[in-house]
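Written out below as structure tokens is the structure these notes cover.
Just so you know, all these numbers are worked out from the coordinates, no wet-lab data involved. Note that the coordinates shown come from a computational prediction; the quantities given were computed from them, not determined experimentally. Here the Cβ positions follow ideal geometry from the backbone for every residue, glycine too, while neighbour counts run over all protein chains shown.
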Amino acid sequence: MVRWLILVLFALSEAGTSLARPDTTAPRRVIPVEVYAQFAGGQGMWSAGIVATPFKSAELTLGLGYTPPAFGKIYTVTTKLLFVPRSIRLRDRLHLLPIKAGVHGAFHLSRETGLQWDRNKYPRGYYWWPVSFRTGPVFQFALQWRTRQYLLTPYYELSTNDL
């Protein structure tokens, strides 16, 4: 899954380029990339990742999460694709993002989860996805505050892991 995400990010960063002689006078399009840190939520007790904004109304996220041994010692790899239909300017450096909607996928790695369901409980083929993989819709509400050096974005997220 990580290989596919890297391939998609690479393809988006190379979008619009050609094999012809490069035009050195035209400015190269740069995809803004941010980092994030999160406490709790569907990505683990602690998580961090990157957010790429290939288009003004879309965000692509790759995150790594960790849940400590007291709660299962789970490592999580998460991807999200969010669409941001509108940004409302509240003040000079403060913006409201009333809704971000999209899909997410999470792969959970631990000793308790594997790639197959317990055959004693579920017959073969009962579930078509691996036990450690979840996907579903995601919705966010966010405020963006730009300081001189940083863009701070506290957000509230609703998501489900049901397929």
Residue in the range 118-135 that is among the β-branched types (V, I, T) and touching a Phe, Trp or Tyr at 6+ places or on another chain (Cβ under 6 Å) present: yes
Can you confirm whether F39 is among the aromatic types (F, W, Y), within 28 Å of R148 (Cα to Cα) and exposed (fewer than 13 other Cβ atoms within 10 Å of the Cβ)? yes
Residue by residue through the range 68-107, note down the ones that are in contact with a strand residue (DSSP E or B) (Cβ under 8 Å, 6 or more places away or on another chain), free of Cβ contacts under 8 Å to residues at least 24 places away in the same chain and either surrounded by 13 or more Cβ atoms within 10 Å (Cβ to Cβ) or of a type outside the set (A, V, I, L, M) (or both). L81, R86, R89
Given the condition hydroxyl-bearing (S, T, Y) and either free of Cβ contacts under 8 Å to residues at least 40 places away in the same chain or within 20 Å of G49 (Cβ to Cβ) (or both), answer yes or no: does some residue in the range 129-145 qualify? yes
Restricting attention to the range 124-163, and to residues there that are assigned to a strand (DSSP E or B) and small (G, A, S), which single residue is surrounded by the most Cβ atoms within 10 Å (Cβ to Cβ)? S159
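Just the residues that are of a type in the set (S, T, N, Q) and outside any strand (DSSP E or B), please, taken from the range 75-111. Spell out the reasoning first.
So the first thing to find is which residues in the range 75-111 are of a type in the set (S, T, N, Q), and the list is 76, 78-79, 87, 110.
S87, S110, listed by residue number.
Restricting to the range 53-67, what's the tally of residues that are closer than 15 Å to V103 by Cα, assigned to a strand (DSSP E or B) and either without any contact (Cβ under 8 Å) to a residue 60 or more places away in the chain or out of contact with any Gly (no Cβ under 8 Å at 6 or more places or on another chain) (or both)? Quick ask: steps written out before the conclusion?
Within the range 53-67, the first condition is being closer than 15 Å to V103 by Cα, and the residues that meet it are 57-63.
So of that shortlist, the ones also assigned to a strand (DSSP E or B) come out as 58-63.
The next check asks that each one be either without any contact (Cβ under 8 Å) to a residue 60 or more places away in the chain or out of contact with any Gly (no Cβ under 8 Å at 6 or more places or on another chain) (or both); those that pass are 58-61, 63.
The qualifying residues number 5.
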